[in-house]
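The values are calculated or read from the model by the stated rules, or taken from the named source; none is laboratory data. This structure is a prediction, so every number in the text was calculated from the model and none was measured. Don't worry about glycine lacking a Cβ; one is built from the backbone with ideal geometry, like all the others, and counts go over all protein chains shown. Ligands, DNA and RNA are stripped out before the accessible areas are found, and what is left, the full protein with its side chains, is counted by its heavy atoms. Shrake-Rupley method; radii C 1.70, N 1.55, O 1.52, S 1.80 Å.
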Amino acid sequence: MEKRYDHQTIEKKWQAAWESGKVWEAGEKKGTPKFYVLDMFPYPSAQGLHVGHPEGYTASDIEARYLRMRGYDVLHPMGFDSFGLPAENFAIKTGTHPAATTIKNIKAMRAQIKRLGFSYDWSREVITSDPAYYRWTQWIFVQLFKRGLAYEADAPINWCPSCKTGLANEEVVDGKCERCGTGVTKKQIKQWLVKITDERYIERLQNDLDQLDWPESIKLLQKNWIGRSEGAEVDFAVAGSTKKKKLAVIVHGSPSQAGYPDPTVQHWLPWMAVQLERMGFHVAVPALPRANAPVYGEWKRAFEKSIKGFEIDEDAVLIGHSAGTSFLVRYLSEQKKKVSRLVLVAPSKVVVSADSEHHQRLRELYNFKAQYGIADKVLVLYSADDKESVSVTAKFYKDFYKADVQQFADRGHFTAKDGVRELPEALKWIRAGICGPISEVVRVFTTRPDTLFGATYLVLSPEHPLVSRITTLEQKKEVDAYVHKAAAKSDLERTDLAKQKTGVFTGAYAANPVNNAQIPIWIADYVLASYGTGAIMAVPAHDERDFEFATKFNLAIIQVIKQPGVMPPRALESFASPAAAGHQQSDLESKCWTGDGTMVHSGEYDGMDSVEFKKKITAWLEKNGKGKASVNYKLRDWLFSRQRYWGEPIPVVHCEKCGQVAVPEKQLPVKLPNVKKYKPTGTGESPLAAITKWVHTKCPVCGGKAQRETNTMPQWAGSNWYWLRYCDPHNGKKLADPKKLKAWLPVDLYVGGAEHAVLHLLYARFIYKFLCDINVIPSEVIEKYGDEPFKKLKNQGLILGEDGVKMSKSRGNVINPDDVVERYGADTLRMYEMFMGPFEDKKPWSTEGIKGVSRFLNKLWNVAGRVQAVSVPETLERYRHRMVKKITDDIESFSFNTAVSTFMQAVNTLHTGTVVPAPFLETLLVILSPFAPHIAEELWQRLGHAKSIAYEKWPQYDEKALKAEKVTIVVQVNGKVRDTIIASADATEENVKKTALMQDKIKKYIARTPKKIIFVKNRLINFVV
RNA sequence: GCCGCCGUGGUGGAACUGGUAUACACGAGGGACUUAAAAUCCCUUGGGGGCAACCCCGUGUCGGUUCGAUUCCGACCGGCGGCACCA
């Protein structure tokens, strides 16, 4: 046998053998349990593989190979996340098409990865920039859009004035453009957003974290990012406004079946109710009886009951949906009442002969004559793709009432099924029609309703809609100036913590709902418009920020919670010295106490515990209609459009008549067209906007003139769902065959960097939940595993340069994995990266350290050369069992560094020993093969085995054989080690004691009979004297 | 500021559930082989004291709990990561 093992020849040989033998293809073992081991797929960069990549890939490969040997059918795929900025930047510089660059980089990187001997099933490779793949990325977007979860809004984005392009948050470093270092400003541009904050998802995204086997730190990071806060919304009536609240009623339609979920919380109704409440309306959403077969008289009674205390008068706003519209028109016509605004959504008043049995049932309700003058203004909303009876009715109202009409293309019957959860158009119409102050109420959000008695002023954000309405004439100038200044400030300026708080008084006052105290209303930019209600109640005695503000502007500070365990300053003075009374200086009451305690200055509630009072006061607010319990989140909607070329085109067409229309699924993918110039146009549009031929298209609905959306999707779009495609990568009809998804989902183990904690991992969870909801993920998977995509997550730690700093070209501390493989081989690189330290810790590279692993593999090679066909001696046999157990446990717990050390010890043992028994060596090779597969295969073959070691069963160990015959027992006197003795395993306390006391070393320390003896079996005996 | 994680030899790190602190590896020193170097092999290697047997100290610092603490508790110091006026 050769003196040194030739890694170059051996590794090439086995990589070829695995590939031609299709050893790693998944789905081959019928009837065995599945296991899905996933790596975070790389971006194919021109720099190629970084030494950080093989760290995670080796760990997952060890797990995959181990599990195959344990009999699992393992899915272990790899692919490329190939849309992204670097390829585009390269294109801007050189004019090379990003597709060409990408293909080149993928080729190079794939070869690099293959040289490391990972057991990937390459037949399943996915590439996100491949049209066959992004067709489905776009398809998912269309599904989101159809359900109202993707929407366009005027959003302020990060804007680099030098590069003339919008930037993602992750491209802004310390407020500067990552590329050119220019200060980033805000620009208001139409943007696509994905509604990750939707009530149907945000709660689940937060709560489901608890059930995941993920690092606690990552779960916490996500929790903080989502930022759930529980508290209450409280209404403060603005002083001097005595007008009573106006009424708004929303009337649901007639669902087709009885027993259908409560129609009052369906579709866009809850959303509308919240919006109207915010405008200051008293909102009623009556649940009408026998909704699926309405009888007018019954509905009338229920309707009137629901608005008791209020009147249908000329200030009222009524909104109806479907059959509800008929009810409202009939009610107003027959009662001869007039309201201010009447909104009719998907109205129906007629039954067309083709209509279903359910529609026939509505004849009773429809049997009336509409009268003129029932509303000041009428709005009708309907969609072209709804039933004929709806458009007929809509046209009737249009002519009869001269109603405003808004026609849509694809909203169906305006139900949740049609993806309609909001009706901003209707809200805008209502808002526009109503002049003057409609609300005399400032609604605030607070997590501390228990401090309500201590609220001494209110603060609105400068953008708050109420600001201009409540500001007094005297204060107008000052307020306008402040609002103007705030608008001009950058985010960085506004959120700079070091800066002094600023603000102005509006001149208005509001009444504290608990005691009617009149408190001033201020505006200040430390209150954010985008969080909660955009307004706060300030409690300077118990909030640091309010305290700072109140001190600066000389506002009242009222203490309402007494800090527990401290003495009020005056009480303290009566003691001779604080220390004598058991109190230190720090026990003095702090100026601003933000913790819990006992209520003071809170009327009848004085003396109550603040935690208890919080619940009490929330219930009180609710009962008296002055507020309610409420939950808020820090998470914002997900900005989903980029003004870039190299990304998935957003599959939407803008039609002059129909508005935004999703590209029909049959026409997907919307292929990325070829452009000559990749540079942004300067207007904030994507380079795609310059291709007029591509931009101008026909509307898929009406066939009229339309323009394509020119923004592309962000990097995260492709990685949101790629692990689903691995299950069925070549499917041309569906995203993936449900049978195949059922066979593999969910991912059992996901390995990758922690830097994705709140981006990729949050988005991926959201998209997966969405796909579960729309039945893309088979229900069997959801029933069995829930709607989380990744059961277990492991984060690899960063590999730093030798100097202990992050590797970077500019520092010149980058290690190229190719060089390492060339010199030491893939097995050495794999094992070294596992040996460096705990998998999840960051650790520095050491060019000296890797030699140790290289020496170890050579030593193994030489030891194997001395192998003899003899049976294993007993001590070595026991060692073999211990070794198998240790390696098994270490793989299960991701403790690869100690596993490598165990291998080293085993080889050292063989090295110093006289014989190398073949059965021992064989076991060693089998359990080593997941770590160093090439050398293991080669030596395995040289031992005379014809089949790949990959097909070997993972060895068992015998618990009994683990026990040593003799054990070393530590003898302590007063807890200090004084001696050790060898005893037989499981020796009794009596025997150990006797032997121990006979030792000279021990006698020396023990003069009298020990007071106490502590005995731990097989471990130690401790004499206390 | 808030939240989380981490402090062990010259270095990377090990130590099960509170039970011999420093496994394994690197580096360093000494030796063997060699004309020499590389490679390989053997020995030593936490600090201090002692000729030696052996003794004392030692896991960021200071306290506590315990027969016994790297491990549990409290305070502090230092480092890393995240969030950043989120009411």
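For region A:740-755, residues that are open to solvent by 20 Å² or more (accessible area, probe 1.4 Å), within 16 Å of RNA strand B (Cβ to nearest atom) and either within 15 Å of A:Lys792 (Cα to Cα) or among the aliphatic types (A, V, I, L, M) (or both) total 1. Of all the listed residues (A:Phe310, A:Phe281), the sole one being touching a residue at least 40 places away in the same chain (Cβ under 8 Å) and closer than 27 Å to A:Ala416 by Cβ is A:Phe281. Selection over region A:696-740 of residues that are within 22 Å of the chain's Cα centre (by Cα) and in a helix (DSSP H, G or I) gives a count of 8. What pairs can you find where one residue is in region A:954-977 and more than 9 Å from RNA strand B (Cβ to nearest atom), the other is modelled with pLDDT under 90 and open to solvent by 90 Å² or more (accessible area, probe 1.4 Å), and their Cβ atoms are less than 7 Å apart, with a gap of 6+ or different chains? So the pair list comes out as A:Lys966/A:Ile982.
Among the residues that make up region A:39-46, is at least one of them at pLDDT below 95, open to solvent by 20 Å² or more (accessible area, probe 1.4 Å) and in a helix (DSSP H, G or I)? The answer is no; no qualifying residue exists. Being in contact with a Leu (Cβ under 6 Å, 6 or more places away or on another chain), surrounded by 20 or more Cβ atoms within 10 Å (Cβ to Cβ) and not aromatic (Phe, Trp, Tyr) is a property that holds for A:Val339. On the stretch given as region A:698-739, residues that are open to solvent by 10 Å² or more (accessible area, probe 1.4 Å) and of a type in the set (Val, Ile, Thr) total 2.
For region A:848-863, does any single residue satisfy the condition of being within 16 Å of RNA strand B (Cβ to nearest atom) and among the acidic types (Asp, Glu)? Yes; the residues of region A:848-863 include at least one that is within 16 Å of RNA strand B (Cβ to nearest atom) and among the acidic types (Asp, Glu). Scoring A:Tyr382 on the criteria (1) touching a strand residue (DSSP E or B) at 6+ places or on another chain (Cβ under 8 Å); (2) modelled with pLDDT of 90 or more; (3) open to solvent by 40 Å² or more (accessible area, probe 1.4 Å) leaves a single failure, condition (3). Where strands (runs of 3 or more DSSP E) sit wholly within region A:123-238, those with at least 2 residues that are open to solvent by less than 60 Å² (accessible area, probe 1.4 Å) and of a type in the set (A, V, I, L, M, F, W, C) occupy A:150-160, A:185-194, A:229-238.
For region A:886-901, residues that are within 8 Å of RNA strand B (Cβ to nearest atom), β-branched (Val, Ile, Thr) and either in a loop (DSSP other than H, G, I, E, B) or buried (at least 18 other Cβ atoms within 10 Å of the Cβ) (or both) total 1. Meeting the requirement of 2 or more residues that are open to solvent by 30 Å² or more (accessible area, probe 1.4 Å) and farther than 21 Å from A:Tyr151 by Cβ, the strands (runs of 3 or more DSSP E) wholly within region A:401-485 are A:404-408, A:441-446.
Give me the residue from region A:643-660 that is touching a helix residue (DSSP H, G or I) at 6+ places or on another chain (Cβ under 9 Å) and either in a strand (DSSP E or B) or free of Cβ contacts under 8 Å to residues at least 40 places away in the same chain (or both) and, out of that set, most open to solvent (accessible area, probe 1.4 Å).
Residue satisfying both the conditions and the ranking: A:Gln660.
You will find that of A:Met904, A:Met883, the residue that is out of contact with any Phe, Trp or Tyr (no Cβ under 8 Å at 6 or more places or on another chain) and in a helix (DSSP H, G or I) is A:Met883 and no other. Against the criterion of being more than 10 Å from RNA strand B (Cβ to nearest atom) and either in contact (Cβ under 8 Å) with a residue 60 or more places away in the chain or not charged (D, E, K, R) (or both), A:Gln868 qualifies.
For region A:711-727, the criterion of being small (Gly, Ala, Ser) and in contact with a Pro (Cβ under 9 Å, 6 or more places away or on another chain) is met by none of the residues. Among the numbered conditions (1) loosely packed, with under 15 Cβ neighbours inside 10 Å; (2) touching a residue at least 24 places away in the same chain (Cβ under 8 Å), the only one that A:Glu685 does not meet is (1). Taken over region A:70-101, residues that are assigned to a helix (DSSP H, G or I) and either of a type in the set (D, E, K, R) or open to solvent by 10 Å² or more (accessible area, probe 1.4 Å) (or both) amount to 11. Can you tell me which residues in region A:763-822 are in contact with a Cys (Cβ under 7 Å, 6 or more places away or on another chain) and of a type in the set (D, E, K, R)? If the condition is that a residue be in contact with a Cys (Cβ under 7 Å, 6 or more places away or on another chain) and of a type in the set (D, E, K, R), then A:Asp787 is the only one that fits. Scan A:Arg882, A:Arg878, A:Arg942 and give me the residue that is within 13 Å of RNA strand B (Cβ to nearest atom), in contact (Cβ under 8 Å) with a residue 40 or more places away in the chain and surrounded by fewer than 20 Cβ atoms within 10 Å (Cβ to Cβ). Being within 13 Å of RNA strand B (Cβ to nearest atom), in contact (Cβ under 8 Å) with a residue 40 or more places away in the chain and surrounded by fewer than 20 Cβ atoms within 10 Å (Cβ to Cβ) holds for just one of A:Arg882, A:Arg878, A:Arg942, which is A:Arg882. Contact annotation: residue pairs with Cβ atoms under 6 Å, 6 or more positions apart or on different chains, pairing a residue in region A:440-453 that is under 12 Å from A:Pro513 (Cβ atoms) with a partner that is charged (D, E, K, R), are A:Val441/A:Asp235; A:Arg443/A:Glu233; A:Arg443/A:Asp235; A:Pro449/A:Lys614.
Quick one: which of A:Ile982, A:Ile1002 is farther than 23 Å from A:Asp889 by Cβ, within 13 Å of RNA strand B (Cβ to nearest atom), more than 54 Å from the chain's Cα centre (by Cα) and surrounded by fewer than 16 Cβ atoms within 10 Å (Cβ to Cβ)?
Being farther than 23 Å from A:Asp889 by Cβ, within 13 Å of RNA strand B (Cβ to nearest atom), more than 54 Å from the chain's Cα centre (by Cα) and surrounded by fewer than 16 Cβ atoms within 10 Å (Cβ to Cβ) holds for just one of A:Ile982, A:Ile1002, which is A:Ile982.
Return yes when A:Gly752 is assigned to a strand (DSSP E or B) and among the small types (Gly, Ala, Ser) and no when it is not. It is true that A:Gly752 is assigned to a strand (DSSP E or B) and among the small types (Gly, Ala, Ser). For A:Tyr509, state whether it is within 8 Å of RNA strand B (Cβ to nearest atom), modelled with pLDDT of 90 or more and either among the aromatic types (Phe, Trp, Tyr) or in contact with a Leu (Cβ under 6 Å, 6 or more places away or on another chain) (or both). Criteria not met by A:Tyr509. Looking only at region A:911-939, residues that are within 14 Å of RNA strand B (Cβ to nearest atom), farther than 16 Å from A:Thr828 by Cβ and surrounded by 23 or more Cβ atoms within 10 Å (Cβ to Cβ) come to 0 in all.
Contact annotation: no residue pair with Cβ atoms under 6 Å, 6 or more positions apart or on different chains, pairs a residue in region A:108-133 that is farther than 22 Å from A:Ile10 by Cα and of a type in the set (Lys, Arg) with a partner that is outside any loop (DSSP other than H, G, I, E, B) and open to solvent by 30 Å² or more (accessible area, probe 1.4 Å).
Taking region A:328-361, which residues are free of Cβ contacts under 8 Å to residues at least 24 places away in the same chain and within 46 Å of the chain's Cα centre (by Cα)? Passing the criteria: only A:Glu357. Checking each residue in region A:834-847 for being crowded, with 21+ Cβ neighbours inside 10 Å and near RNA strand B (Cβ under 7 Å from one of its atoms) picks out A:Phe835, A:Met836.
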